[in-house]
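Here's the structure, in structure tokens; my notes come after.
What follows draws every value from the coordinates through simple rules; no lab data is involved. Owing to the predicted nature of the structure, the values given are computational and were not obtained by experimental measurement. When we count neighbours, we look across all protein chains shown, and the Cβ atoms used for this are built from the backbone with ideal geometry, even at glycine.
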Amino acid sequence: MKRFFDATLLILASLGFAATVWASEGGIAWDRFPKERMTNVAALQNGAQLFVNYCLNCHSAGYMRFNRLRDLGLSEDQIKKNLLFTTEKVGETMKVAIDPKQAKEWFGALPPDLTVIARSRADIGKGSGADYLYTYLRSYYRDPEKATGWNNLVFPNVGMPHALWELQGQRGARFTDVKDAHDASKSELRFDAYVPIAAGKLSAHDYDEAVADLVAYLQWMGEPAQGQRVRVGVWVLIYLGLFTVIAWRLNASYWKDVK
Amino acid sequence: MADFKVASTDATLAEKLLTWVDNRFPATKLFKEHMSEYYAPKNFNIWYVFGSLALLVLVMQIVTGIFLTMHYKPDSALAFASVEYIMRDVPWGWLIRYLHSTGASAFFVVVYLHMFRSLLYGSHRKPRELLWIFGCAIFLCLMAEAFTGYLLPWGQMSYWGAQVIVNLFAAVPLVGPDLALLIRGDYVVGDATLNRFFAFHVIAVPLALVGLVAAHIIALHEVGSNNPDGVEIKAKTGSDGRPLDGIPFHPYYTVHDIYAVSVFLVIFCAIVFFAPEFGGYFLEYNNFIPADPLQTPLHIAPVWYFTPYYSMLRATTDQMMTVLSGLVGLAAVLAIFKARLGSAANLFIAAAAGLLIVLFGGAKTLLSSLGLVGLAQSWLLAGFEAKFWGVVIMGAAVLILFFLPWLDQCPVKSIRYRPGWHKSLYAVFVFFFFALGYLGSQPPSEPGNYVSQVGTLVYFGFFLLMPWWSRLGRFAPVPERVTFAAH
């Protein structure tokens, strides 16, 4: 029996080892998106405004209707006046006028549709899609070697230039050569620090806040029913909880006859 | 024909109606046979709720599926958008979709537990062999249903998962490429594939599934339920001909199952409403990206319920086939020198083992290691590639279940009366099944692959050696009547 346990332990240990190896792959660790923002309607509205102004020029949100923004407390009039640039009809989805051929020429690929981007970018063991986007939009730096002049720590060699640079300003990145601990002939560039180049419209703190609002909006847009889902879910579980108690007592009262 | 009954003059309208129906259709008779006078053992424990739960989930999948079909478009240009349309624009569409997607995983949870119950208490043993075989066929149909259904949202994982699995069929010698073409309906997974998978998912497989479930229940009610003691309750009947340890299914087990259903729904609804993606295991994150035939995802993993078998497929490397060749050789030598079957049988065993070793690629490996590369690559001795055997092993892992009633030669049915080390063996089996499942969801790695190979050997060893090990050990005496303490 002892041998069996030893073998089991060995296997478990090797599984654990394998898991840590995999976890260390890939880019920088993701920051945590401030989740409480999902319940802040003003933040979501601000995020919608940022999205329409900065993202919707190149990216579409082809499954998202403008009038769904009413769920964020906006009236149809407000949507029409402030957010409708590409279409007249408030029931339209968020299409974009960019020519796919040109987009391919400029960025190397067609900018992806953003409707469910927050859902698609999650990764088991790394974080939610919102965590990724929150980190990604705050990890741009100037890189003269890239065609767009921009690079990103969490998405190296990204095709998209920094769309929010007016807000954040510009900064470079300093890397240091780190010798490989196991092989002296190898070295790798490790990120050291950002180097400010030009200030933007927003302070660092305000920029983080703005990105959080934008990501909150993207997260909401990925599943507009998510708030309703949770609200309904609470009532469903309360009902089922009561029902379970009744079913439990009913069962007991029948089964007391069984000897 | 039964006698024509006449309702008494003071009968209520409902009674008169029932009499009218009973004279034309065996409504009351069926209810009695399958519910109020179907005697089930009174000592069922929690393991016995998963059959009813599987039926509940089946009905739920069919009902939610009908509503999804009303809005879904099986067209490669529209499928992804139509799912998002359901999630956004169809009233309560998100709920229907989450019930269906979570239901798929729930189905496998309850069916795996239902099958393991059988393993625990010997429910597959005589006279329930056919009942078990119907169950295995249901499991196969369920896998086909899940596989075809997973393509329908037309996300990246749908697309590439189908691509990988259909390509496996191409590894079958001679007919493989044509077979894969037949399944796909095209040279790559495309619109034709989506349409035929849709047809299989919404009508062909469900029809077979419902028929098999009916056969499963009819067979169960013919032979009667097994129980945690593995005792036949029909062996001890009272003067009225009813089993002494049996109680009517209705109301005792209907009320029992209502209780189980309510507990199940608490867990199920908690997932549907609060974690419908279930951390990326029920709805994979990559599947929120529309299918792109030009962009292969870095890591393709099937949904969790297929991962144990997927692990076995990946574990089947050349190295694994060499080990298997060695095992076949060893088994043949043991059989020839230990079993004393006579020279004709020995000759047959040696020839069969030799053929298997060649087909497994063991001869090739042996000859190459001796430096005879040219001879090793001759078509006569090359055998089949490991990829093909991977497919065979994956298929065999499911098909071997069909033979369980004859592999299990244990003198007692229930685990309760088996030796302690049998329980340990079950524990090892379960551990490796989980390990295979976990590893199948992860990107391939060297240590992971070794564990998968051990897991594959444990899985097959557990079943193939069962005729031998299940007879061994000291068995506790089985009681004459079921053990039951009143609640």
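Couple of notes before you dig in:
- Radius, Kirkwood style, for the range B:301-472 when every pair of distinct Cα atoms is counted (Å): 17.7 Å
- Under the Karplus curve 6.51 cos²θ - 1.76 cosθ + 1.60, θ = phi - 60°, whole-Hz ³J(HN,Hα) for the range B:239-253, x wherever Gly or Pro sits: 5, 7, x, 8, x, 5, 9, x, 10, x, 4, 9, x, 5, 8
- Over 20 Å between alpha carbons, listed pairs B:Lys5/B:Lys32; B:Lys338/B:Lys423; B:Lys42/B:Lys234; A:Lys146/A:Lys201: B:Lys338/B:Lys423; A:Lys146/A:Lys201
- Straight-line cross-link reach from A:Lys80 at under 16 Å between alpha-carbon atoms covers these aspartates and glutamates, not counting any fewer than eight positions away in the same chain: A:Asp71, A:Glu88, A:Glu92.
- Chain A shape via C-alpha gyration tensor axes, a/c threshold 1.5: oblate
- FRET efficiency, B:Ser445 to B:Leu17 (Cβ-Cβ, R0 60 Å, nearest 0.05): 0.35
- Partner lysines for B:Lys387 [C-alpha distance under 23 Å; skip if fewer than 8 residues away on the same chain]: B:Lys364
- Projected label distance in nm at A:Asn67 and B:Tyr112, using a 7 Å step from Cα toward the beta-carbon: 4.5 nm
- Think of each Lys and Arg Cβ as +1 and each Asp and Glu Cβ as -1; about the Cα centre, that makes the dipole of the range B:301-472 roughly 600 debye.
- Computed over the protein assembly as shown, the per-residue total of -39500 (n - 2.57) for DSSP H runs of n ≥ 4 gives a 222 nm mean residue ellipticity of -17500 deg cm²/dmol, rounded to 500.
- Placing unit charges on the Cβ atoms of the charged side chains and taking the dipole of chain B about its Cα centre, the candidate lying farthest along the positive direction among B:Phe384, B:Tyr98, B:Leu207 is B:Phe384.
- Residues whose amide H falls under 5 Å from that of B:Gly155, counting only those 5 or more places apart or on a different chain, are B:Ala291, with hydrogens built in the peptide plane.
- Each of the peptides B:62-68, B:473-479, A:216-222 was scored by the mean count of other Cβ atoms within 10 Å over its residues; in descending order, highest first, they stand as A:216-222, B:62-68, B:473-479.
- Cut-off under 5 Å, modelled amide H: who pairs with A:Met64 long-range: A:Met94
- Selected from A:Lys35, A:Lys80, A:Lys186 as most flexible by GNM, with chain A as the system and alpha-carbon contacts under 10 Å: A:Lys186
- Note that the protein assembly as shown, at 4 °C in a medium of 1.567 mPa s, gets a Stokes-Einstein diffusion coefficient of 43 µm²/s from its Kirkwood radius over C-alpha pairs.
- Here, P(r) means the percent of Cα pairs in each 10 Å bin from 0 to the largest distance; for chain B it is 4, 15, 24, 24, 18, 11, 3, 1, 0, 0.
- Dimensionless Rg over Rh [the range B:26-281; C-alpha; Kirkwood]: 1.04
- Under Karplus coefficients 6.51, -1.76 and 1.60, residue-wise ³J(HN,Hα) of the range B:259-270 in Hz, glycine/proline x: 4, 4, 4, 5, 5, 4, 5, 4, 5, 4, 6, 4
- Karplus-derived 3J(HN,Hα), 6.51/-1.76/1.60, for each residue of the range A:70-85, Hz, glycine and proline x: 4, 4, 9, x, 8, 8, 4, 5, 4, 4, 4, 6, 9, 10, 8, 10
- For B:Thr317, no residue has an amide H sitting under 5 Å from its own, ignoring neighbours fewer than 5 places away on the same chain, with H placed 1.01 Å from N.
- Subtracting the Cα-Cα distance of B:His71 and B:Val6 from 0.36 nm times their residue separation leaves 18.5 nm of extension gain.
- Chain A: DSSP helices with Cα axial extent of at least 15 Å and average Kyte-Doolittle hydropathy no lower than -1.0: A:2-23, A:204-222, A:226-255
- Charges were assigned to the Cβ only: +1 to each Lys and Arg, -1 to each Asp and Glu. The resulting dipole of the protein assembly as shown about its Cα centre is roughly 1880 debye.
- Normalised contact order of chain B, rounded percent, pairs of Cα under 8 Å and 6 or more residues apart: 20 percent
- Chain A: most fluctuating residue of A:Ala147, A:Ala198, A:Ala247 per GNM, C-alpha cutoff 10 Å: A:Ala247
- Net charge of the neighbourhood of A:Tyr194, taken over other residues with C-beta under 13 Å away and scored Lys/Arg +1, Asp/Glu -1, is +2.
- Peptide A:122-135 shows a mean partner chain C-beta count of 2 within 10 Å per residue C-beta.
- Sequence-distant contacts, meaning Cα pairs under 8 Å at least 6 residues apart, place the relative contact order of the range B:26-281 at 33 percent.
- Shape box of the range B:1-157 [Cα atoms, principal axes, largest first, Å]: 64, 43, 28
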